[in-house]
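The values are calculated or read from the model by the stated rules, or taken from the named source; none is laboratory data. Keep in mind that what you see is a predicted model, and the values were worked out from it rather than measured. Neighbour counts are summed over all protein chains in view; Cβ atoms, including those assigned to glycine, are modelled from backbone coordinates with ideal geometry.
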Amino acid sequence: MSLNIGGMGCKVGQFIWDDIFIENGIQKDCTFKFSPELRHQGETLKTYFTETESGKYKPRTVFFDMDTDALEFVKSRGQTQFDDSSFLLGQQKVQELYSSGFYSNGPQYIEAVKEKIRKEVEQCENFNGFMMYSSINRGCGGGFSSLLSQVLTDDYPSAKKIGIHLYPNVVKSSNPLEFLNTVLAHDK
């Protein structure tokens, strides 16, 4: 199951899903198109997608951010594969502060995110774990993803958790908070 947290986590997740759709023969209308080049379609389809009663394939993913920009980016790319149940938007900015995502604003959204994740996990025939995409140098990507990772460890102790994180650029970053957020995210 894919978890796309924070602005960059949502954007990176979108690009990764673009490839997953192509590699598995899923069309823009969420239907499956058989192709001899896609040799192991049956196995990966069940890994990445839930088949609906109408024969469409819904991605096993959750997108969460506390700012509308990244979620609007994902929705505006012309992709129809994600339905509204894949998205959850917080209503408070975290001002690029780890502490805001982990301690103050993030905790008020954790139950809603957990509920979305629980619903996705229940639809899995053979749930194995999570792949979390985030930029740990920001407030939501660093603070909230750290909080979510702790909660997932408690709720799904045997699930594998793979984190794919973006780090600040040492040369180009002009915000010292990015490095502090990164250190704090690693501490959790």
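Values computed for the structure shown
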quantity: Residue match in the range 117-135 (condition: farther than 23 Å from residue 45 by Cα and polar (S, T, N, Q)); calculated: yes
quantity: Residue 112, sole failed condition from (1) touching a Phe, Trp or Tyr at 6+ places or on another chain (Cβ under 6 Å); (2) part of a helix (DSSP H, G or I); calculated: (1)
quantity: Yes/no for residue 179 being of a type in the set (Phe, Trp, Tyr), surrounded by 13 or more Cβ atoms within 10 Å (Cβ to Cβ) and assigned to a loop (DSSP other than H, G, I, E, B); calculated: no
quantity: Residue within the range 87-101 that is under 16 Å from residue 10 (Cα atoms), without any contact (Cβ under 8 Å) to a residue 40 or more places away in the chain, small (Gly, Ala, Ser) and out of contact with any helix residue (DSSP H, G or I) (no Cβ under 7 Å at 6 or more places or on another chain) present; calculated: no
quantity: Some residue of the range 139-159 being over 25 Å from residue 47 (Cβ atoms), at pLDDT 90 or above and in contact with a strand residue (DSSP E or B) (Cβ under 7 Å, 6 or more places away or on another chain); calculated: yes
quantity: The range 17-67, subset part of a loop (DSSP other than H, G, I, E, B) and within 14 Å of the chain's Cα centre (by Cα), residue modelled with the highest pLDDT; calculated: 60
quantity: Filter result (under 20 Å from residue 16 (Cα atoms), in a helix (DSSP H, G or I) and among the small types (Gly, Ala, Ser)) within the range 115-141; calculated: 141
quantity: Evaluation of residue 168 against (1) part of a helix (DSSP H, G or I); (2) within 24 Å of residue 69 (Cα to Cα) (one fails), failing number; calculated: (1)
quantity: Filter pass, residue 174 being more than 19 Å from residue 10 (Cα to Cα), loosely packed, with under 15 Cβ neighbours inside 10 Å and modelled with pLDDT of 85 or more; calculated: no
quantity: Residue in the range 121-151 that is surrounded by the most Cβ atoms within 10 Å (Cβ to Cβ), counting only those that are charged (D, E, K, R) and in contact with a helix residue (DSSP H, G or I) (Cβ under 9 Å, 6 or more places away or on another chain); calculated: 138
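One line per residue, one yes/no per condition, for (1) within 16 Å of the chain's Cα centre (by Cα); (2) surrounded by fewer than 19 Cβ atoms within 10 Å (Cβ to Cβ); (3) part of a loop (DSSP other than H, G, I, E, B); (4) small (Gly, Ala, Ser):
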position	(1), (2), (3), (4)
69	yes, yes, no, no
91	no, yes, yes, no
103	no, yes, no, no
107	no, yes, no, no
